[in-house]
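S.K.: So that we are looking at the same thing, I have put the structure below in structure tokens.
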């Protein structure tokens, strides 16, 4: 099975869960962990620019990784998933 198929299945399950448990529009909290490189952190922050997002970052105790929390008003499950897919192209990112 290809990685794309796994991703499609994951996003389909996520969409189902979000639609079952959430009243839209709603505040959604994204959480990511990324290597502590300014370029990677900036790429993620840029994806959420001009959307009214509240972004907080915190470096790990050794400074190797940075956690990024993004709180944002989202209109539906498809919009949430679209942002996850945009962030997924950043090398080394882990979505929580």
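The values are calculated or read from the model by the stated rules, or taken from the named source; none is laboratory data. Note that the structure is predicted; figures quoted are calculated from it, not measured. Cβ placement follows ideal geometry from the backbone for every residue including glycine, while neighbour counts extend to all protein chains displayed.
S.K.: Being more than 19 Å from residue 89 (Cβ to Cβ), touching a strand residue (DSSP E or B) at 6+ places or on another chain (Cβ under 6 Å) and not in a helix (DSSP H, G or I) narrows it down to one residue among 61, 69; which is it? Working first, answer last.
M.R.: Details: 61 fails: touching a strand residue (DSSP E or B) at 6+ places or on another chain (Cβ under 6 Å).
Being more than 19 Å from residue 89 (Cβ to Cβ), touching a strand residue (DSSP E or B) at 6+ places or on another chain (Cβ under 6 Å) and not in a helix (DSSP H, G or I) holds for just one of 61, 69, which is 69.
S.K.: Moving on to the next point. Among the listed residues 44, 33, 81, which satisfies the condition of being touching a residue at least 40 places away in the same chain (Cβ under 8 Å), surrounded by 11 or more Cβ atoms within 10 Å (Cβ to Cβ), in contact with a strand residue (DSSP E or B) (Cβ under 6 Å, 6 or more places away or on another chain) and part of a helix (DSSP H, G or I)?
M.R.: 44
S.K.: All but one of (1) in contact with a strand residue (DSSP E or B) (Cβ under 8 Å, 6 or more places away or on another chain); (2) within 19 Å of residue 90 (Cα to Cα); (3) surrounded by 15 or more Cβ atoms within 10 Å (Cβ to Cβ) hold for residue 74, so report the exception by its number.
M.R.: Of (1) in contact with a strand residue (DSSP E or B) (Cβ under 8 Å, 6 or more places away or on another chain); (2) within 19 Å of residue 90 (Cα to Cα); (3) surrounded by 15 or more Cβ atoms within 10 Å (Cβ to Cβ), only one is false for residue 74: (2).
S.K.: Could you check region 84-96 and list, in sequence order, the residues that are in contact with a helix residue (DSSP H, G or I) (Cβ under 6 Å, 6 or more places away or on another chain) and without any contact (Cβ under 8 Å) to a residue 40 or more places away in the chain?
M.R.: 86
S.K.: While we're here: Restricting attention to region 1-24, which residues are surrounded by fewer than 12 Cβ atoms within 10 Å (Cβ to Cβ) and under 15 Å from residue 81 (Cβ atoms)?
M.R.: 4, 6, 8, 9, 12, 13, 16, 17, 20, 21
S.K.: When residue 16 is evaluated against the numbered criteria (1) closer than 19 Å to residue 94 by Cβ; (2) at pLDDT 95 or above, which criterion, by number, is the only one it fails?
M.R.: Here residue 16 clears every test but (1).
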